[in-house]
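*Asks:* Have a look at this one.
The values are calculated or read from the model by the stated rules, or taken from the named source; none is laboratory data. As the structure is a prediction and not an experimental result, all values here were calculated from the model. Because the Cβ atoms are built from the backbone with ideal geometry, glycine has one as well, and the counts that use them run over all protein chains shown.
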Amino acid sequence: MRRVPIALEIVAVDDCSRDGSTDILERLQRDGKLDQLVRHEVNRGKGAAIRSGITHATGDVIVIQDADLEYDPLELPVLLGPIADRRADAVYGSRFLGGPHRVLYFWHYVGNTFLTLLSNMLTNLNLTDMETCYKLVRADLLKRLPLTSNRFGFEVEVTARLAQAGARVWEMPISYSGRTYAEGKKIDWKDGVAAIFHILRYNLFPPGGDWRQG
């Protein structure tokens, strides 16, 4: 697989953290290891933090990198290949296509598979991992999508909007080092129920306007 050299712009979003992260991010910015630091005065949720990062990003391709490093940024040069070759508008890094991964929770896998299936039925995509964090998307396209989710509905919403925009979506295998609940994992069954609602909402009631063009 082709590896594409990357000129990185790192945009960190501090969603009103209270665990000392702000001091660490400010030090990293002073040391020249962050290009931009975006702060929220109140906690607004994952989706809102991602939207802030998208707004401030200036590069050609945008990818979300969670701070817990469950996903390996060393794999980004390979994932970028289909976009760099102009074959794809978005690339999803799938945890279920055979890449090495930490063995964790069976019911998380079942829930993920069900949510991906339900999403696929409405988007007509044949994804294996709709909920993956690693979604590389052309910046001009991502900035055009009408994204509104403030919390964990982002993954569902961006998938629905990419499908509605007619984007060319690829999947590639990635490694995954998931966390346990003892290590800070917070997703539970209530998030799964919310995801079902979001899948129906974002797919059955798309916004109007000319955002699909371009």
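*Asks:* Report yes if some residue within the range 136-145 is more than 15 Å from VAL91 (Cβ to Cβ), under 13 Å from the mean Cα position of the chain (by Cα) and outside any helix (DSSP H, G or I); otherwise report no.
*Replies:* no
*Asks:* To continue, here is another question. Given the options ASP68, ASP89, name the one that is over 23 Å from ILE199 (Cβ atoms) and of a type in the set (Asp, Glu).
*Replies:* Selected residue: ASP68, the only one of ASP68, ASP89 that is over 23 Å from ILE199 (Cβ atoms) and of a type in the set (Asp, Glu).
*Asks:* If you check ALA195 against the conditions, is it among the aliphatic types (A, V, I, L, M), closer than 27 Å to VAL61 by Cα, at pLDDT below 95 and surrounded by 13 or more Cβ atoms within 10 Å (Cβ to Cβ)?
*Replies:* yes
*Asks:* Would you mind telling me which numbered condition in (1) exposed (fewer than 15 other Cβ atoms within 10 Å of the Cβ); (2) touching a residue at least 24 places away in the same chain (Cβ under 8 Å) ALA48 fails?
*Replies:* Just one mismatch for ALA48, condition (1).
*Asks:* May I ask you to verify whether ALA67 is assigned to a loop (DSSP other than H, G, I, E, B) and either closer than 21 Å to LEU147 by Cβ or hydrophobic (A, V, I, L, M, F, W, C) (or both)?
*Replies:* Yes, satisfied.
*Asks:* Looking only at the range 164-189, how many residues end up being modelled with pLDDT of 85 or more and either under 17 Å from LEU115 (Cβ atoms) or charged (D, E, K, R) (or both)?
*Replies:* Selection size over the range 164-189: 4.
*Asks:* Tell me which residues, restricted to the range 10-19, are closer than 15 Å to ASP68 by Cα and exposed (fewer than 14 other Cβ atoms within 10 Å of the Cβ).
*Replies:* Selection gives ASP19 alone.
*Asks:* Of everything in the range 70-103, what is assigned to a helix (DSSP H, G or I) and buried (at least 20 other Cβ atoms within 10 Å of the Cβ)? Give them in sequence order.
*Replies:* Scanning the range 70-103 gives LEU76, LEU79, PRO82, ILE83.
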